[in-house]
1. Name, by its number, the condition in (1) within 23 Å of A39 (Cβ to Cβ); (2) part of a loop (DSSP other than H, G, I, E, B); (3) within 9 Å of the ligand (Cβ to nearest atom) that does not hold for E100.
2. Which of the residues belonging to segment 130-176 are at negative phi, exposed (fewer than 15 other Cβ atoms within 10 Å of the Cβ), within 12 Å of the ligand (Cβ to nearest atom) and polar (S, T, N, Q)?
3. Restrict the check to segment 70-78 and report whether at least one residue is of a type in the set (D, E) and modelled with pLDDT of 95 or more.
4. Give me a count of the residues in segment 129-176 that are in a strand (DSSP E or B) and among the hydroxyl-bearing types (S, T, Y).
5. Being surrounded by fewer than 19 Cβ atoms within 10 Å (Cβ to Cβ) and not in a helix (DSSP H, G or I) is the requirement here; does S70 meet it?
6. Only one of I103, I142 is of a type in the set (V, I, T) and in contact with a helix residue (DSSP H, G or I) (Cβ under 6 Å, 6 or more places away or on another chain); which?
7. Quick check on my filter: what residues within segment 9-60 are in a loop (DSSP other than H, G, I, E, B), closer than 18 Å to Q95 by Cα and open to solvent by 80 Å² or more (accessible area, probe 1.4 Å)?
Amino acid sequence: MKQIGDRFFKPYIVRKQIEERIEALGQEISADYEGKEIALISVLKGAFMFTADLVRSIRVPVDIHFIQLSSYSAEQSTGKVTEVIGLNGLLAGKQVLIVEDIIDTGLTISVLHKKILQENPADIKIASLLLKEDVYSGSLKIDYLGFAIPNRFVVGYGLDLNELGRNWPEIYQVNN
Ligand code: IMP
């Protein structure tokens, strides 16, 4: 059992399961992209650990980019504006693979997909370690999925609770 503040977490997806699933994903990706080069876009901070392991299982050339989303409320506007930091206009004509840690409602990935589309890549595919499948209401296909999980809060292996827990080597689930 692990603790952050007053919340307790129990082991959920252990190291061996993560390793085996990522190796399988790497093989699938390598086969699908054979003869091509991947422009891989890792979404910070959560996807850093998944990315580090996934790229080691990919056997085709990979150009690795890191981006971060920042969302803020614009002064004159009621809605939230999401800014993507780190997109550099170098994706035109590229085979883009977005790498996410977790997809919940799908809002984040949908905003990101739209922004990347504006850079005119040849293709965009999505890899996510986790998907809360009962909550996901997006229309985008998740091309490479690690694990479909129920709607419970998870921490570890890059995922955080208030910025803590990202360094835990396995995935933990809230214990209540
Ligand atoms: P979405 O936009 O609703 O798909 O939410 C995706 C984002 O919410 C992820 O990139 C995470 O930052 C965060 N998130 C959603 N569920 C969890 C969770 O169980 N643990 C940690 N972060 C989560």
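1. Status for E100: all satisfied but (2).
2. Residues satisfying the conditions are S137, N151.
3. No, segment 70-78 contains no residue that is of a type in the set (D, E) and modelled with pLDDT of 95 or more.
4. So the count comes out to 2.
5. Answer is yes for this residue.
6. I103
7. Within segment 9-60, E34, G35, K36, E37, R59 qualify.
Table: residues versus (1) at pLDDT 95 or above; (2) closer than 25 Å to D63 by Cα.
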position	(1), (2)
T82	no, yes
E133	yes, no
K141	yes, yes
L145	yes, yes
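The values are calculated or read from the model by the stated rules, or taken from the named source; none is laboratory data. Everything quoted here is computed from the prediction, not taken from an experiment. Cβ: placed from backbone, ideal geometry, glycine included. Neighbour counts: every protein chain shown. Just the protein is used for accessible areas: all its heavy atoms, side chains included, with ligands, DNA and RNA removed. Shrake-Rupley method; radii C 1.70, N 1.55, O 1.52, S 1.80 Å.
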